[in-house]
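Single-structure report; data block below.
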Amino acid sequence: MRLSKFFGETLREAPSESDSASSQMLARAGYVRQLAAGLYSYLPLAHRSLRKIEQILREEMDAIGGQELCMPVVHPAEIWQESGRWYDIGDEMGRFQDRKGRDLVLALTHEEVVATLCKSEIRSYRQLPQLVYHMQTKFRDELRARGGLIRVREFVMKDSYSLDKDMEGLQSQYVAHYDAYHRIGARLGLDLVAVKSDPGMMGGKTAHEFMYLTPVGEDSLAVCEETGYASNLDVAMFQKIPESSDSQEPLTRIHTPGQSTIAKVAKFCGVSKRQTGKMVFFMGDFGLEHPPRLIAACIRGDMEINELQLRYAVKAQALRPAEADEITAIGCVPGYASFCDIDPSKALLVADDLIPQSANLVVGANEKDWHYTGTNYGRDFTADIIAPIALAYDGAPDPIDGKPLRIVRGIEVGNIFQLGTRYSDTMGATYTDETGEELPIFMGSYGIGVGRALACVAEEHSDDYGLDLPISVAPYHVILVSLGRSGDVHDAAENLYFELLNSGVEVLYDDRPVSPGVKFADADLRGIPLRCTVSSRSLGRGGVEFGRRRSKDLDIIPLDDAVKGIQEGITQCFRKLQQRLEHLPTWASRSKDSQS
RNA sequence: CGGGGCGUAGCUCAGCCCGGUAGAGCACUGCGUUUGGGACGCAGAAGUCGUCGGUUCAAAUCCGGCCGCCCCGACCA
């Protein structure tokens, strides 16, 4: 492609709406343009890169037995009503009606369609297992799209769906994806970390997310390098070590003027925060058939609530922090709320599993400026539910070996879910087994965001001068730059360009009549990994200059050998990337605790 | 949905506080010079100042509603 005829300009300054390095560089380099919040146009450069990512996904899916198909973006509401998600998912679902008033859904994902296809295509155990996949647009009306391309509302996802006759088959397809996703990351030039995750709206039990670790990520993860434990913070476990105590002290009411926070109280009483307890209040939504209920959660003072685990513990559909007047309405004093004086009929009392093991806690006395010391579970108070509702924290002992966890940030590039029979049961996707019995199909679903993958690659592979994409993702392998107006240079560059095209080299040719500085700056910005320069100077030295983007260490290749030399350079880049495949984590090599 | 910020030329922004002639840099067009790391000169084109309403002799500027975009939070595969 000639840059003189190219569609998609570079920008000297990033548009003001972009913030992360990837969004800024992708915008400046002419890859993407924002149309509206969370809606992007992909210009030719990005489109080429996205197609390359898709091809890698295709190859890896085919390698584990996948068959590519294509399912619609617009679905009739009925299938989502059958699965129940029409009712479970709120405003995130794009809904509209056709001219007849029929309810339609913009695909958030495609489990319902796959389950529907199962009904028409799968009858016998002889037809299983199956693995189908497609690259298709999804629409999710996020509360807030953010981070440029990281969280958009419309995006293309590679989603695959495994169909098996039993759990064992599902497990083996799940493992195949687990390993394939690591290979995909390696081929994209990304280190992906598999973490345990919450299945969320997808349903099912076991799920992993494949994370690209970066401080700009929006997910928090708990990882331990020593033991290999890795989990989304939402579902992270950790060992809880009670403060030792030989005896139970008597419950004592003490005056604590102005000591309304845990830090102040601990200091005032001369104890560690680990010897305090605190109460956190939420309003729980239990669905239309049940009234909302106040939830009083108690945890040790040095810890925070894991809202997801609390929500599961109380079986609520949603939680929100309680307002001060909702807390006072049940007779509690915010800042000094007490485990001991709470009326069990007015709130659901939930205690973290560490609380019953913790002796002599300092807690609120339910009156401003007063606390209790020597509070003990069982003697002074009890809870309706005891569950692990504390959030893992940096330095917490990991659940495997007690080694310290680190809390890091990441971007979810892909995810894998063992759905089991959650969709087969609700939608009637069944097969007949050897004995003639009709049984539900075991499903798994596996996604990778194609655009998000590109954003992560851009985030990882860029510098002050622009993108520096791995050869597997770069829209072109080499940029051919001609400098100056001399006829010799022009002829040599034109000839080389046609030779490269004829040899199948993916070349972007900067034939514009602009200054060298502009050409080099644009070449750096666009992130093409290899650069070939033709100029009077290079011809004087015997040919063309060739090397890595921004490298000062350039080879001079005679014109006659230029195509060959460039092809070798491309091969070398691919070979280097290939090395990433050598020591990948696999399912078999992961610790048991990070698997289930 | 709560908190904060922003909306002026294709892009980045100034002007707004203190009301009165709409600006700069980059980009664009023409001519000339220049050609190894975002050149230079001259000339030119380009803006319903997000939108609707209010105040005023007069509104980009003050006031209000709405819309859009960004950030933090809530939520989320």
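The values are calculated or read from the model by the stated rules, or taken from the named source; none is laboratory data. What you are looking at is a predicted structure, and each value in this text was computed from that prediction instead of being measured. Cβ coordinates were reconstructed from backbone atoms using ideal geometry, including for glycine residues, and neighbour counts include every protein chain displayed. Accessible surface areas use protein heavy atoms only, side chains included; no ligands, DNA or RNA. Shrake-Rupley method; radii C 1.70, N 1.55, O 1.52, S 1.80 Å.
Among the residues of the stretch A:492-513, is any within 12 Å of RNA strand B (Cβ to nearest atom), in a loop (DSSP other than H, G, I, E, B) and open to solvent by 60 Å² or more (accessible area, probe 1.4 Å)? Looking for residues that are within 12 Å of RNA strand B (Cβ to nearest atom), in a loop (DSSP other than H, G, I, E, B) and open to solvent by 60 Å² or more (accessible area, probe 1.4 Å), one finds at least one in the stretch A:492-513, hence yes. Within the stretch A:69-88, residues that are without any contact (Cβ under 8 Å) to a residue 24 or more places away in the chain reach partners that are open to solvent by less than 20 Å² (accessible area, probe 1.4 Å) with beta carbons closer than 7 Å, at six or more positions or on different chains, in the pairs A:W86/A:A77; A:W86/A:W80. The single residue among A:V175, A:V193, A:V216 that is over 21 Å from A:D425 (Cβ atoms) and away from RNA strand B (no atom under 16 Å from the Cβ) turns out to be A:V175. Only one entry in A:G65, A:G30 is part of a loop (DSSP other than H, G, I, E, B) and over 19 Å from A:I448 (Cα atoms), namely A:G30. Restricted to the stretch A:384-403, and to residues there that are among the β-branched types (V, I, T) and under 15 Å from A:K315 (Cβ atoms), the residue that is least open to solvent (accessible area, probe 1.4 Å) is A:I389.
Scanning the stretch A:432-448 for residues that are open to solvent by 10 Å² or more (accessible area, probe 1.4 Å) and touching a residue at least 60 places away in the same chain (Cβ under 8 Å) yields A:T432, A:D433, A:E434, A:L439, A:F442. Among the residues that make up the stretch A:58-66, is at least one of them more than 16 Å from RNA strand B (Cβ to nearest atom), among the β-branched types (V, I, T) and either more than 30 Å from A:D524 (Cβ to Cβ) or open to solvent by 50 Å² or more (accessible area, probe 1.4 Å) (or both)? Yes: one or more hits. Among strands (runs of 3 or more DSSP E) entirely within the stretch A:329-406, having at least 1 residues that are out of contact with any helix residue (DSSP H, G or I) (no Cβ under 7 Å at 6 or more places or on another chain) singles out A:348-352, A:361-367, A:370-375. Sort out which residues of the stretch A:32-46 are more than 7 Å from RNA strand B (Cβ to nearest atom) and free of Cβ contacts under 8 Å to residues at least 24 places away in the same chain, and write them in order of number. Answer for the stretch A:32-46, where residues must be more than 7 Å from RNA strand B (Cβ to nearest atom) and free of Cβ contacts under 8 Å to residues at least 24 places away in the same chain: A:R33, A:L35, A:S41. Residues in the stretch A:524-547 that are more than 6 Å from RNA strand B (Cβ to nearest atom), more than 16 Å from A:V505 (Cβ to Cβ) and either within 46 Å of the chain's Cα centre (by Cα) or not assigned by TED's automatic domain parsing to the domain that holds A:I570 (or both): A:R526, A:G527.
Take the conditions (1) open to solvent by 40 Å² or more (accessible area, probe 1.4 Å); (2) in contact with a strand residue (DSSP E or B) (Cβ under 7 Å, 6 or more places away or on another chain); (3) farther than 19 Å from A:S49 by Cβ; A:A207 misses just one of them, which is (1). Filtering the stretch A:67-102 to residues that are polar (S, T, N, Q) and loosely packed, with under 12 Cβ neighbours inside 10 Å leaves only A:Q97. Filtered by the rule that a residue be among the hydrophobic types (A, V, I, L, M, F, W, C), more than 20 Å from A:H461 (Cα to Cα), within 12 Å of RNA strand B (Cβ to nearest atom) and part of a loop (DSSP other than H, G, I, E, B), the stretch A:1-27 gives no residues.
Applying the criterion of being within 15 Å of RNA strand B (Cβ to nearest atom) and of a type in the set (G, A, S) to the residues of the stretch A:303-351, the residue that is most open to solvent (accessible area, probe 1.4 Å) is A:A324. Pairing each residue of the stretch A:4-20 that is touching a residue at least 60 places away in the same chain (Cβ under 8 Å) with any residue that is among the acidic types (D, E) and within 6 Å of RNA strand B (Cβ to nearest atom), provided the two are 6+ apart or on different chains, yields C-beta distances under 7 Å for A:T10/A:D522. Among the numbered conditions (1) open to solvent by less than 30 Å² (accessible area, probe 1.4 Å); (2) in a strand (DSSP E or B), the only one that A:A266 does not meet is (2). A single entry from A:L170, A:L131 fulfils the requirement of being more than 16 Å from RNA strand B (Cβ to nearest atom), part of a helix (DSSP H, G or I) and within 26 Å of A:E82 (Cα to Cα): A:L170.
To keep it simple, each residue is scored yes or no on (1) surrounded by fewer than 17 Cβ atoms within 10 Å (Cβ to Cβ); (2) within 30 Å of A:L192 (Cβ to Cβ); (3) under 30 Å from the mean Cα position of the chain (by Cα).
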| residue | (1), (2), (3) |
| --- | --- |
| A:L554 | yes, no, no |
| A:I557 | no, no, no |
| A:D560 | yes, no, no |
| A:T571 | yes, yes, no |
| A:Q578 | yes, yes, yes |
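Scanning the stretch A:45-57 for residues that are of a type outside the set (A, V, I, L, M) and either part of a loop (DSSP other than H, G, I, E, B) or open to solvent by less than 50 Å² (accessible area, probe 1.4 Å) (or both) yields A:S49, A:K52, A:E54. Does at least one position in the stretch A:240-256 carry a residue that is buried (at least 17 other Cβ atoms within 10 Å of the Cβ) and closer than 15 Å to A:I355 by Cα? The answer is yes; a qualifying residue exists.
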